[in-house]
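These notes are about the structure you will find just below.
The values are calculated or read from the model by the stated rules, or taken from the named source; none is laboratory data. Quantities reported herein were computed from a predicted structural model and do not represent experimental measurements. Because the Cβ atoms are built from the backbone with ideal geometry, glycine has one as well, and the counts that use them run over all protein chains shown. Calculation scope for accessible area: heavy atoms of the full protein, side chains included, ligands and nucleic acids excluded. Shrake-Rupley method; radii C 1.70, N 1.55, O 1.52, S 1.80 Å.
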Amino acid sequence: MRVCAVICEYNPFHNGHARHLALAREKSSADFMLCLMSGALTQRGAFARHDKWLRARTALLGGADLVLELPCRFACAPAPDFASGGVALLRALNVVTHLSFGCEAQSMDVLFAARDALRDESPAFQSVLKDALDRGLPYPRARALAAESASGLSGLAEQIALPNAALALEYLQALPDGISAVPILREGCGYHDSSPSPLASATGVRAALTMGDVQTAGAAVPFPEELLSAERRGEFHSEDALTQALFYRLRTMDAASLREIVGMDEGLEYRFLRAAQTAASREELIAAIKSKRYTHARLSRLCAHILLGVSRDFAAAHRTPTYARVLGFRKNAAPLLHAIKVHTSIPLVTKAAAFDRADPLFSLDIRAQDLWSLGVSNPALRACGRDFTTSPIILIVKSERKA
């Protein structure tokens, strides 16, 4: 059995994602496509616009056979933890043979050279890295410059700094020998590009939805009615919905307790406390703290970790996933589910109510989903506990009905 996995967010699932799944299936000759998808929170520290069950359903409609949830501890984390946590979960299933990821054209040819340079971390690499950090550069940029110097490939730092390439590089470093990489050339708008297009990025689709431009958003997704129906019903989380909750946390915490939050290093707690006294929005808060050394994504993740109370001790104690939770599957994926149940080294969770609520990673997932619900405009979805009242999506496609 050939199983190709994709680690994803699908915030929301768009035409480019459907293209990626189709090409990954073809290139890997996969019998099944498995998506390991973020839940309530995304890697950049923002809550997903739509809930994980809607996003899982659109992924299944768009070509996935099985959708599992990437636990929040890894979904809302810097790229190394996002990639290593995802790969560790896939490896624990003991059925995944391939991992596919998107990549910009100009980065395709240098990824493996960059991976080797980063794995080696020669004295020359360490020297350039230290110098770049001493100049106040953020760690990802400093490491890219060190990899360029160690590899001798001019321009490598710029090529691997592109959003998809940076994550692809982390996947390549985390992959074990038994799982093959399947890079897919990204086409259409760039990761941060908000331009309208049939191949718009997720950023572009969210921007259109925020402005109420349903025509532009609908043209960029393969199943517009799924998305737009949720929008009409108010089943979406606005990015600024929990601003007041964030400021409450910041204005009632002291420096010592804030310092315990994972990623709160180098005196950042004092910057947060000062900015929280005058900022009127989440973006104003981040803008007041942001510098050459501290990226927007890092500060945004810190905001999420403050809301959730994710401490550095918690992160250090939980380096790998302890379960795999099913969000949805196609009916014809029964052989894949059976193979996972037979071979997995971690529990496969199909009923959240039957799993151990005291599991620390699972408890964090529940907390994140409950906070997501608090930020939804539809009051029917604001109650806690949707993890225990929402069943996995089971999709029966037309060909299966005929059979």
Practice problem: Quick one: which residues, 5 or more positions from residue 237 or on another chain, have an amide H under 5 Å from its amide H? H modelled 1.01 Å from N in the peptide plane, none for Pro or chain starts. | Solution: 50
Exercise. Any aspartates and glutamates with Cα under 19 Å of the residue 351 Cα? List them, leaving off those in the same chain fewer than 8 positions away.
Key: 51, 65, 69, 359, 365, 370, 387
Quiz item: Taking the Cα-to-Cβ direction at residue 259 and at residue 334 and moving 7 Å from each Cα, how far apart do the two end points lie in nm?
Solution: 5.9 nm
Self-check item: Solvent-accessible area, 1.4 Å probe, carbon plus sulfur percent, for the range 278-329
Solution: 55 percent
Exercise. Would you kindly derive the ³J(HN,Hα) couplings of the range 324-335 from the backbone phi angles with the Karplus curve 6.51 cos²θ - 1.76 cosθ + 1.60 (θ = phi - 60°), listing them in order in whole Hz, with x for Gly and Pro?
Key: 10, 9, 7, 9, x, 7, 7, 4, 7, 8, 3, x
Self-check item: Ranked by how many other beta carbons lie within 10 Å on average, peptides 378-385, 96-103 from highest
Solution: 96-103, 378-385
Quiz item: When ranked by the protection proxy of mean other Cβ atoms within 10 Å per residue, highest first, what sequence do the peptides 290-299, 363-372 form?
Solution: 363-372, 290-299
Practice problem: Go ahead and set up a Gaussian network model of the chain, Cα springs under 10 Å, then flag whichever of 155, 45, 85 fluctuates most. | Solution: 155
Practice problem: Whole number in Å², please: accessible area per residue of the chain, 1.4 Å probe, ligands, DNA and RNA not counted. | Solution: 42 Å²
Self-check item: Share of Cα-Cα pairs in the chain lying beyond 30 Å, as whole percent
Solution: 41 percent
Practice problem: Can you send over the solvent-accessible area of residue 308, 1.4 Å probe, protein chains only, in Å² to the nearest 10? | Solution: 10 Å²
Practice problem: Determine the distance separating the Cα centre of the range 211-231 from the Cα centre of the range 319-337; give it in Å without decimals. | Solution: 28 Å
Exercise. Go through the range 86-95 residue by residue and turn each phi into a ³J(HN,Hα) via Karplus (6.51, -1.76, 1.60, θ = phi - 60°); whole Hz please, and just put x for glycine and proline.
Key: x, 5, 4, 5, 4, 5, 5, 5, 6, 10
Quiz prompt | Computed log₁₀ I(q)/I(0) - Debye formula, equal Cα scatterers, no solvent, the range 36-193, q 0.10, 0.12, 0.17, 0.18 Å⁻¹ | solution = -0.40, -0.57, -1.10, -1.21
Quiz item: Along the three principal axes, how long is the range 282-403 when you take its alpha carbons, biggest first, rounded to the nearest angstrom?
Solution: 59, 36, 29
Quiz item: Tell me, what % of the accessible area of the range 192-263 is carbon and sulfur with a 1.4 angstrom probe?
Solution: 55 percent
Quiz item: Extension gain residue 173-residue 370, at 0.36 nm per residue separation less the Cα-Cα distance, in nm?
Solution: 67.6 nm
Quiz item: Based on the Cα coordinates of the range 2-48, what is the per residue volume of their convex hull in Å³?
Solution: 65 Å³
Quiz item: Per residue of the chain, what 222 nm ellipticity follows from adding -39500 (n - 2.57) for every DSSP H run with n ≥ 4, rounded to the nearest 500?
Solution: -14500 deg cm²/dmol
Exercise. Can you tell me the equivalent ellipsoid semi-axes for the range 241-344? Use √(5λ) from the Cα gyration tensor, largest first, whole Å.
Key: 37, 16, 12
Practice problem: Using amide H atoms built 1.01 Å from N in the peptide plane, name the residues 5+ places from residue 180, or on other chains, whose amide H lies under 5 Å from its own. | Solution: 98, 99
Quiz item: Going highest first, how would you order 2-8, 122-128 by mean Cβ packing within 10 Å?
Solution: 2-8, 122-128
Exercise. Considering the convex hull of the alpha carbon atoms of the range 18-74, report its projected area averaged over all viewing directions, in nm², one decimal.
Key: 4.1 nm²
Self-check item: 5 angstrom amide H check on residue 41, placed H, neighbours 5+ away
Solution: 48
Exercise. Using DSSP, restrict attention to beta bridges with both residues in the range 1-96 and report what percent are antiparallel, rounded to the nearest 5.
Key: 10 percent
Quiz item: Most fluctuating residue of 358, 202, 275 in a GNM of the chain with Cα springs under 10 Å: which is it?
Solution: 358
Quiz prompt | Antiparallel DSSP beta bridges within the chain, percent to nearest 5 | solution = 20 percent
Self-check item: Rel. contact order, % - alpha carbon contacts under 8 angstrom, at least six apart, the range 198-303
Solution: 17 percent
Quiz prompt | Estimated vicinal HN-Hα couplings, Hz - the range 211-224 in sequence order (Karplus 6.51, -1.76, 1.60; Gly, Pro = x) | solution = 7, x, 8, 5, 5, 5, 5, x, 6, 9, 10, x, 10, x
Quiz item: Cross-link list 52/341; 52/331; 27/52; 27/341: which exceed 21 angstrom alpha carbon to alpha carbon?
Solution: 52/341; 27/52; 27/341
